[in-house]
Amino acid sequence: MAISVIVPNALTPYSRGVGTLVVTEPVATVGDALAAVAARLPALTDRVLTEQGEIRRHVNVFVGEESVKFLDGLSTPVTDGTTITIVPAVSGG
Amino acid sequence: MTTSSRSSGPAAGDVLVLVGTTKGAFIFSSDKSRRKWNVDGPHFPGEAVYSIAYDSRGGRTRTLVGAHSNHWGSTIRLSDDFGRSWTGPERQAVRFPESSGLSLAQVWQITPGHADEPDVVWCGVEPAALFESRDAGASWAPVEGLLNHEHRPKWMPGGGGLCLHTIVTDPKDKKRMAIAISTAGFYRTDDGGKSWRPRNNGVRAVFLPNKYPEFGQCVHKVVNHPSRPERLFLQNHWGLYRSDDWGESWQDIANGVPSDFGFAMQMHPHDPDTVYIVPIQSDEFRVVPEGKLRVYRTRDAGNSWEPLAAGLPQDQAFENVLRDGLTADSHDPAGIYFGTRGGKLFGSADAGESWQELADALPPICCVKAAVVA
């Protein structure tokens with residue numbers, strides 16, 4: 001199994017400089033995939049998820065081209081070959 | 001993360017004015033004359049800095065910054081070389097336990113602890129909670145007695161969120177300290193944080209049906225002087241108060257101010273009767289009255305107040321100063337400094353008698369803290 005997780009430039013200091021991570025563990029959901037990333041790179045997922053394990057308000061996580069906000073959140077299923085993309089949301093002031 | 005720009009750091013006796021803005025932190029420094037200032041920054045560009053502190057205990061020269069990325073959350077970062085380099089924890093160090101159901105939104109206050117416990121540092125956060133560090137700011141743990149307080153379900157967020165923004169210590173008693181939360185009011189512990197009781201007797205809550213509840217006030221800032229810690233001064237969401245008994249009772253001291261609404265409040269470093277505030281027009285119109293930027297000072301513990309305006313704009317100056325936007329250094333005469341929402345930074349080297357503009361176009365200023373390098 002191979003799930004790709006694309007990391008935004010701002011977070012590559014926490015992914016040892018790697019822009020695309022590959023999760024090879026058997027995972028069924030986006031949440032599982034991020035948990036697999038957290039096991040290796042907890043400082044990275046700290047920036048994506050709150051301490052309650054929720055996606056931060058101004059972070060978007062996509063499966064393919066669709067935000068998981070419009071799918072099933074962290075329970076959105078993934079399969080071999082899925083690409084997960086972490087993107088800072090359009091926000092600010 | 002590393003940020004650098006200065007070639008040489010401040011020396012003993014120099015003054016630091018640490019400025020947190022909505023777009024990063026700036027470090028102003030000067031010698032004791034406080035006539036010419038160097039500026040260094042922005043540090044953490046794009047991140048909001050609502051809390052900043054300088055800790056000189058234990059021989060260190062540590063700057064602590066609570067920086068908030070709108071995307072990636074809040075982190076306390078440390079510098080031991082006046083901002084030339086910064087260290088931050090890999091993991092988010094200020095974390096609520098999973099059992100609390102809470103997540104950190106913002107670090108609102110960082111306060112060094114007692115002189116004889118040089119590794120203890122406190123921070124106040126949103127949602128309202130107090131965290132303690134026992135390693136000078138590297139790691140943090142929540143103060144359970146406040147986290148699990150029975151009043152918590154009834155605390156309501158103010159305009160800035162449900163934030164613990166003020167920490168008041170007692171140099172004479174390590175087990176006694178107090179905090180203020182908007183909107184929950186003023187709480188004190190006498191047992192090192194195990195238990196906390198509200199002390200709001202006499203403090204108004206104009207926005208509640210019961211104007212004098214046990215708790216629920218929107219306290220904006222509380223200060224005390226280390227030589228007389230039991231005497232407290234409180235700037236309320238409408239109301240200006242003094243307590244002479246560590247908050248057991250409060251007396252109205254809005255004697256001669258143009259408004260008793262405001263946020264910022266600062267003790268004089270050497271005189272427990274002298275306090276500075278910046279009155280604001282009203283809750284609905286949060287700018288200084290009459291478009292005149294004036295600091296007000298009492299030198300008799302609130303029995304009377306005088307405006308200090310020499311060198312400050314007095315025409316069309318619709319500025320606001322936030323709760324941590326006013327500070328003092330420890331020289332004599334004292335340096336007084338404040339920053340505005342409009343991005344202006346002012347300083348006085350003569351305890352407020354006259355002012356000079358140190359910066360006129362910073363991002364909106366959230367907090368200003370001054371220190372003298374040991």
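Quick note: the coordinates plus some simple rules give every number you see, no bench work behind them. In this text, all values refer to a predicted model and were calculated from it rather than measured experimentally. Note: ideal-geometry Cβ built from the backbone for every residue, glycine included; neighbour counts use all protein chains shown.
Data overview
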{"quantity": "Prolate/oblate/rounded label for region B:11-145 (Cα gyration tensor, a/c 1.5)", "calculated": "oblate"}
{"quantity": "Pair B:Glu214, B:Asp80: separation of 7 Å Cα→Cβ label points (nm)", "calculated": "4.7 nm"}
{"quantity": "Neighbour-count ranking [beta-carbon atoms within 10 angstrom, fewest first] of B:His114, B:His165, B:His71", "calculated": "B:His114, B:His71, B:His165"}
{"quantity": "Spin-label proximity, A:Ser4 to region A:14-46 - amide N less than 16 Å from point 7 Å beyond Cα toward beta carbon", "calculated": "A:18-24"}
{"quantity": "Neighbour count of at most 13 Cβ within 10 Å plus DSSP loop: longest trypsin sites (Lys or Arg not before Pro)-free window in chain A", "calculated": "A:17-56"}
{"quantity": "Cut-off under 5 Å, modelled amide H: who pairs with B:Phe96 long-range", "calculated": "B:Leu104"}
{"quantity": "Residues B:Trp246, B:Trp108, sorted so that the one with the fewest Cβ neighbours within 10 Å comes first", "calculated": "B:Trp246, B:Trp108"}
{"quantity": "Region A:3-88: radius of gyration over Cα atoms, expressed as a fraction of 2.2 N^0.38 Å", "calculated": "0.95"}
{"quantity": "Rounded, prolate or oblate (a/c below 1.5 giving rounded, otherwise prolate when a/b exceeds b/c) for chain B by Cα gyration tensor", "calculated": "rounded"}
{"quantity": "Projected label distance in nm at B:Lys194 and A:Ala43, using a 7 Å step from Cα toward the beta-carbon", "calculated": "3.8 nm"}
{"quantity": "A:Glu54 paired with A:Thr24, simple spin-label distance in nm, labels 7 Å along Cα-to-beta-carbon", "calculated": "3.6 nm"}
{"quantity": "Gap separating the Cα centres of region B:171-220 and region B:297-374, nearest whole Å", "calculated": "27 Å"}
{"quantity": "CD proxy at 222 nm, helix term only [per DSSP H run n ≥ 4: -39500 (n - 2.57); per residue of chain B; nearest 500]", "calculated": "0 deg cm²/dmol"}
{"quantity": "Span from the region B:116-152 Cα centroid across to the region B:26-89 one, whole angstrom", "calculated": "20 Å"}
{"quantity": "Relative counts (whole %) of C-alpha pair distances in the protein assembly as shown, using bins that are 20 Å wide", "calculated": "24, 54, 20, 2"}
